[in-house]
Structures are given as C-alpha cells and as structure tokens.
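Below is one structure, written out as structure tokens; comments come after it.
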Amino acid sequence: MTEPLISLSGVDLRLGSGANAVHVLREVSLSIAPGESVGVVGPSGSGKTTLLMVLSGLERADRGEINIAGARLDTMSEDAIAAFRGRNIGIVFQSFHLIPNMTALENVAVPLELAGDRAAFEKAEAELASVGLKERMSHYPGQLSGGEQQRVAIARALAPDPKILIADEPTGNLDGTTGQHISDLLFAKQRERGMTFVLVTHDLGLARECDRRLAVDSGHVREHDPLGEAAE
C-alpha cells in the first residue's frame, strides 16, 4: 500500500483567545496519496483556507500530527518549515500576490533566487513559456490581465518543481471563461508532473474534476458526497 504524501491526525486549531477564540479546525484527520487531486469544499468561514494554511505550514495547529512528504511539520522550527515549503509545496492564491514593481519573469524567479538556484531566470523563463506567457515576461503585473496574472502566479508556484500544489480559490477573481482556462491549466500541470493537488473551491463542478472531495463544515472535515448539497 502506498504511503500517503499528506497525513493529518487529530489536528485542532483555535484562533484568537479567551471569549473571542474561534475553533477553526476540530480533530481533523485525513490522508492524501501521492499524485492525488483533492477538492475541498464548504461554506464561507468553515475552515477551508485554514486547512490549506496548516497543510502548507503557514499556520501552526494547537495539537495533532502533520506529516507532509515525509516531514513532521508540527515538530519543525519556522525556518525549517519555510525551507521545506520552498522545496516541496507550490501555492496559488485567489488574489495572485504578485510583486507589483517586478516583471513577470522576476516574480517567478524570486522563490528560486531565495533558494539559491543559479538557474533561477532560465527556469522562470521556461515556466512562463509553459503557461503561455512567453511574450509577456517583461511586463509588470499592472500591465497584465487577471488571467495572465494568475498564470504568472501558477508559473511561480511550479518553478521549484514541488511535490504538492495547493490552490485557494484560484479562479475566484476571474470571469467564467478565464477561470475555466486557469482551472484547465492547473489540472493539466498536475497530471503532467504527477503532483499531489489540493484545491479549495466554492465551485462543485470544479471540485468534481478532482479524484476525491473533502467537505469542511464548522471545522470538521469529512469525505464529500458528490450527490450532496453544493457549498456556498
């Protein structure tokens, strides 16, 4: 039996303190296999994004085991987690998070440069070409359409050749047609590279393109019934 690439056991997280504390994740246990695509659905405020933050080491759980690609994130220092994430996890956000005063090429090269990769710009060029932006490398984010900016963000996430690709509502700021092109690109890259893909989306149609779906509700995570009600 193949070992899971992602495994959470008894993960619990509260945000805030005292009377203002919110129980965001409640005793979450799950496993995701290498190369598997998983759609995460659920109503707004249910804990979907926080789950991704925990998976990527951007948020610390209060308790529980978090095993990602053979590493125990819950026992690692912040610096060790950051280095691990840079090598193993690519993240695509809804809001692109591009650096406005850097060109598309520079934005994609940044994580590679930070990792000390001497071929950072060559790899960034190749990634931008692979997402259809060969002619837009010298453009700044403000000169690109929303769909083009998300393609830059995808190229940036893929540039370190991660084992895991995480996307949080990657089509949320795009119109329907552009969003479909972006989702098609993400799934094509996942299949091409055999990456594990974890996708948070409010779109059940998009979630159904994944191998499996998880539903998050009030911090609880369960397998999602494809015949059940859509998330908000």
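The values are calculated or read from the model by the stated rules, or taken from the named source; none is laboratory data. Since the structure is predicted, the reported quantities are computational estimates derived from the model, not experimental observations. Cβ coordinates were reconstructed from backbone atoms using ideal geometry, including for glycine residues, and neighbour counts include every protein chain displayed. The protein model used for the area step is the full one, side chains on, heavy atoms only, and it has no ligands, DNA or RNA in it. Shrake-Rupley method; radii C 1.70, N 1.55, O 1.52, S 1.80 Å.
Inside segment 104-116, can you point out the residues that are crowded, with 17+ Cβ neighbours inside 10 Å and not in a helix (DSSP H, G or I)?
Listed by number, the list is empty, since nothing qualifies.
Give the residue that is surrounded by the fewest Cβ atoms within 10 Å (Cβ to Cβ), with candidates limited to residues of segment 2-50 that are part of a strand (DSSP E or B) and at positive phi.
GLY10
Give the residues of segment 128-156 that are surrounded by fewer than 24 Cβ atoms within 10 Å (Cβ to Cβ) and either in contact with a Ser or Thr (Cβ under 8 Å, 6 or more places away or on another chain) or within 22 Å of VAL38 (Cβ to Cβ) (or both), sorted by residue number.
MET137, SER138, HIS139, TYR140, SER145, GLY146, GLY147
Within segment 28-84, can you find the residues that are over 27 Å from ARG208 (Cβ atoms) and touching a Gly at 6+ places or on another chain (Cβ under 6 Å)?
GLY64, LEU73, ILE81
Of everything in segment 157-178, what is under 16 Å from the mean Cα position of the chain (by Cα) and either surrounded by fewer than 17 Cβ atoms within 10 Å (Cβ to Cβ) or more than 20 Å from ALA126 (Cβ to Cβ) (or both)? Give them in sequence order.
Passing the criteria: ASP161, ILE164, ILE166, ALA167, ASP168, GLU169, PRO170, THR171, GLY172, ASN173.
Answer with yes or no whether MET53 is under 17 Å from ALA167 (Cβ atoms) and either aliphatic (A, V, I, L, M) or not in a loop (DSSP other than H, G, I, E, B) (or both).
The answer is yes for MET53.
Taking the criterion of being open to solvent by less than 60 Å² (accessible area, probe 1.4 Å), out of contact with any helix residue (DSSP H, G or I) (no Cβ under 6 Å at 6 or more places or on another chain), assigned to a helix (DSSP H, G or I) and not aliphatic (A, V, I, L, M), would at least one residue in segment 87-94 satisfy it?
yes
Could you give every pair whose Cβ atoms fall below 6 Å, whose first residue belongs to segment 205-217 and is acidic (Asp, Glu), and whose second residue is open to solvent by less than 10 Å² (accessible area, probe 1.4 Å) and not in a helix (DSSP H, G or I), counting only separations of at least 6 or pairs across chains?
What qualifies is ASP211/SER37; ASP217/GLY42; ASP217/SER46.
Taking strands (runs of 3 or more DSSP E) that do not extend beyond segment 184-224, which have at least 1 residues that are surrounded by fewer than 19 Cβ atoms within 10 Å (Cβ to Cβ)? Lay out the reasoning, then the answer.
Details: elements: 196-200, 212-217, 220-223.
Of the strands (runs of 3 or more DSSP E) lying wholly inside segment 184-224, those with at least 1 residues that are surrounded by fewer than 19 Cβ atoms within 10 Å (Cβ to Cβ) span 212-217, 220-223.
Take segment 1-28 and flag every residue that is among the polar types (S, T, N, Q) and touching a residue at least 40 places away in the same chain (Cβ under 8 Å).
SER7, SER9
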